[in-house]
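The values are calculated or read from the model by the stated rules, or taken from the named source; none is laboratory data. It should be emphasised that the depicted structure is a prediction, and the values quoted were computed from it without experimental measurement. A quick note on method: Cβ atoms are made from the backbone with ideal geometry, for glycine too, and the neighbour counts reach across all protein chains shown.
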Amino acid sequence: MFGEQRADDENGPAGTGGPEAAEGGRTESTAERRAYAGGVPSPTLRRRLLLWGLPALGAAVLLPAATAATALRLSYAGDLPAGAHTRGRDAVWLGHAWVDGRKGAEDLARLGRRIEGTGVRDLYVHTGPLEHDGTLDASRAPRTPWLLGAVRKKLPGVRVQAWLGDVLVYDEAGERAGKGLRLANPASRRAVVASARQVMRAGFDGVHFDLEQMHSGNEDFLRLLDRLGPVVSGAGGVLSVAAHQIDPLPEAHRVLGAVSGRGKYWSQGYFGEVARRVDQIAMMSYDTWMQTESHYGGLVAHLTELALEATPRGTDLLMGLPFFHTDNLAHRASAETVPAAVRGIRLGLGRGDVRRRRFGTAAYVDFAADEADWTAYRRSWCEVAGRKPP
């Protein structure tokens, strides 16, 4: 998920650590860290331990490939529940071209036709990146007033959130080299809060943060969210975050961190800690290393169940859809398809909480999507809810 590069038809290379868009030679990204919140394991966690054939404390045991493949295929099997469809709370990540002058009225009209009759309510528009000190250079988004005015006029009811992010560093050497944002620095956190105020004053409907790599359990991120919540809500806005996948196996974030030093996963407990502090959390349920549609869709079904269990009912939970087609170690385009993702999401929603109203999907990303992606999203997630284009 981290460190790869995606081809990008209009925004330059973007890292695969989640929704990212390049600006000035840098990429921007997501968030991650913390351990499962003690006590008796949840029903889904208990099923995980049985499903994957691991003892309760066997997080570091490598799973035989055949067992994992069978478990994922079983997760992808079953009838789709009738109530698992759009609730009109979906989102799309949009590239920087919408605020720097490369997109115009014709592009917005085309986007309007694509989302008409669907469940899209939020647009995460890449407005950053944040500087490494947490500040935001508004001159990089000169067309913001046009976009906000045009969306309100042409797409009533659709919200525009400012997508902000940066790469994170955790050590002193990284800070001195100036290669990332250091959340452990209180001054940096204050600057990020000031940047949120800045975009809310500019007229955005909310702020969407994507900071990477955020290790599971990062208390500085929770402190930041505690500060951001009142600022954004006080301005009448929505606070949302892009989130890492929950451990597909118990303690996977610890194992991966110990082996690679990188943070691909969050514990289920940490995912819940973050979700309780925001209005909306969007899991980047792609870049999974899966090699077939059934394995990918089965994993998405599993992740959807885990996320439903961890997310408070008062927070919108969105599951990511892969609207891109790059092939690399983390992402196989023939496996991570929109139909497989939607089927997995519907199965997980049916098993986890089919009555959950604050639930949706988030498509990454507009500049890499093709018409087949939009068609699959519409037919498999929206039209089954009775939504048809006017």
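A few points about this structure:
- Failed criterion for Ser139 (all others in (1) surrounded by fewer than 14 Cβ atoms within 10 Å (Cβ to Cβ); (2) in contact with a strand residue (DSSP E or B) (Cβ under 7 Å, 6 or more places away or on another chain); (3) of a type in the set (S, T, N, Q) hold): (2)
- Near pairs, Cβ below 6 angstrom, 6+ apart or cross-chain, from region 334-359 (touching a residue at least 60 places away in the same chain (Cβ under 8 Å)) to any residue that is among the basic types (Lys, Arg) and part of a helix (DSSP H, G or I): none
- The residues of region 128-162 that are of a type in the set (S, T, N, Q) and over 30 Å from His85 (Cα atoms), listed by number, are Thr135, Ser139, Thr144.
- Among the residues here, Ala235 does not qualify as among the small types (Gly, Ala, Ser), at pLDDT 95 or above, touching a helix residue (DSSP H, G or I) at 6+ places or on another chain (Cβ under 8 Å) and crowded, with 23+ Cβ neighbours inside 10 Å.
- Test for Ala187: is it at pLDDT 95 or above, small (Gly, Ala, Ser) and more than 19 Å from the chain's Cα centre (by Cα): yes
- Within region 77-136, considering residues that are acidic (Asp, Glu) and touching a strand residue (DSSP E or B) at 6+ places or on another chain (Cβ under 9 Å), the one farthest from Gly320 (Cα to Cα): Asp133
- Matching residues, region 42-59, being surrounded by 14 or more Cβ atoms within 10 Å (Cβ to Cβ) and either at pLDDT 85 or above or among the hydrophobic types (A, V, I, L, M, F, W, C) (or both): Leu45, Leu49, Leu51, Trp52, Leu54, Ala59
- Of the residues Gly297, Gly348, Gly314, the single one that is outside any helix (DSSP H, G or I) and on the phi < 0 side of the Ramachandran plot is Gly314.
- Candidate set from region 358-390 (those that are outside any strand (DSSP E or B) and of a type in the set (Gly, Ala, Ser)); member that is farthest from Ala340 (Cα to Cα): Gly386
- Lone qualifier among Val365, Val342 - being of a type outside the set (Gly, Ala, Ser) and farther than 23 Å from Val99 by Cβ: Val342
- A single member of Thr288, Thr292, Thr326 is hydroxyl-bearing (Ser, Thr, Tyr) and within 18 Å of Phe271 (Cβ to Cβ), and it is Thr288.
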